[in-house]
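Some notes on the structure that comes next.
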Amino acid sequence: MRDGRVQKKHRWDYYFERYDLVEGQTEMPIFVEPPLRRFRQPVTAAELGTFVKLIPDWEQHAEGLRCLVLGDGDHDCYGWHDEGVICLDAWEGYEQPWRHAFFEEHRAILDRLMVPYHQEEGARAVTCSFTRRTACAFQLMHVFLHELGHHHDRMATRGKIHSPSGEQYAEDFAEQLAEQMWDDYFRAFGL
């Protein structure tokens with residue numbers, strides 16, 4: 001999802017075939033792709049590993065997940081979930097132009113993370129000025145939890161194939177879980 005819109009399908013089959021949870025493995029595998037040219041990944045594998053341990057009932061939420069991926073980047077996507085893979089994509093810079101509607105939907109988290117933002121007169125986009133730390137926090141405390149919401153939705157269906165409840169379910173899931181986690185996040189990561 002990027003700017004509030006569902007994007008094209010990703011290479012989930014690549015991960016599905018390559019990144020299986022090995023029998024007896026106790027921790028969720030985290031795979032790191034080298035970022036595309038001009039992209040940078042705001043989240044490290046160590047940070048992601050620490051973060052998932054902060055999630056209440058992580059073992060239950062992780063049921064059915066095959067792996068976590070720090071992706072190479074995408075112009076149209078911050079992260080995605082498909083078939084038991086959650087990916088957080090690299091960013092093309094930390095100055096992020098957001099459509100006004102997307103900005104308004106996420107203003108509360110930007111304010112909580114103290115991300116400066118501005119809108120030039122007559123501009124259609126609001127520019128959000130992230131740092132690596134605030135981009136990491138946004139990726140973990142919102143994007144990852146949003147994609148985990150899609151996974152949770154999928155696992156609640158009988159066939160465990162689709163996430164029928166859509167974007168609003170994932171947004172609500174992320175917001176509710178984040179409210180339980182902010183204090184632990186700031187203790188573990190600061191800002």
Does Gly122 qualify as being at positive phi and outside any strand (DSSP E or B)?
yes
Select, from Leu140, Leu88, Leu110, the only residue that is in contact (Cβ under 8 Å) with a residue 60 or more places away in the chain and on the phi < 0 side of the Ramachandran plot.
Leu140
With (1) under 17 Å from Thr44 (Cα atoms); (2) at pLDDT 95 or above; (3) not acidic (Asp, Glu) as the list, and His106 as the residue in question, which single condition is left unmet?
(1)
Odd one out for Val52 among (1) within 25 Å of Thr134 (Cβ to Cβ); (2) at pLDDT below 95
(2)
Has region 93-103 got at least one residue that is assigned to a loop (DSSP other than H, G, I, E, B), touching a His at 6+ places or on another chain (Cβ under 9 Å), touching a residue at least 12 places away in the same chain (Cβ under 8 Å) and crowded, with 18+ Cβ neighbours inside 10 Å?
no
If you check Asp72, Asp89, which single one turns out to be at pLDDT 90 or above, charged (D, E, K, R) and buried (at least 23 other Cβ atoms within 10 Å of the Cβ)?
Asp89
Mind checking which pairs have a first residue in region 167-191 that is under 16 Å from Val52 (Cβ atoms) and a second that is at pLDDT 95 or above and not in a helix (DSSP H, G or I), Cβ under 6 Å, 6 or more apart or different chains?
Gln180/Pro56
Working carefully through the options Met1, Met114, find the one that is among the hydrophobic types (A, V, I, L, M, F, W, C) and modelled with pLDDT of 85 or more.
Met114
Given the conditions (1) modelled with pLDDT of 95 or more; (2) among the small types (Gly, Ala, Ser); (3) within 17 Å of Cys77 (Cα to Cα); (4) touching an Asp or Glu at 6+ places or on another chain (Cβ under 8 Å), every one holds for Ser129 apart from (3)
When restricted to Ala46, Ala101, Ala90, the only residue of a type in the set (A, V, I, L, M) and not assigned by TED's automatic domain parsing to the domain that holds Gly166 is Ala101
Residue in region 136-154 that is surrounded by fewer than 21 Cβ atoms within 10 Å (Cβ to Cβ) and outside any helix (DSSP H, G or I) present
no
Inspect all residues belonging to region 125-136 and state whether any of them is within 24 Å of Glu59 (Cα to Cα) and not charged (D, E, K, R).
yes
Inspect all residues belonging to region 167-186 and state whether any of them is loosely packed, with under 15 Cβ neighbours inside 10 Å, assigned to a helix (DSSP H, G or I) and among the hydrophobic types (A, V, I, L, M, F, W, C).
yes
Take the conditions more than 24 Å from Pro29 (Cα to Cα) and not aromatic (Phe, Trp, Tyr) and apply them to Arg132. Does it pass?
no
Going residue by residue through region 67-84, is there one that turns out to be assigned to a helix (DSSP H, G or I) and of a type outside the set (Gly, Ala, Ser)?
no
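The values are calculated or read from the model by the stated rules, or taken from the named source; none is laboratory data. Quantities reported herein were computed from a predicted structural model and do not represent experimental measurements. All Cβ positions, glycine included, derive from the backbone under ideal geometry; neighbour counts span all protein chains shown.
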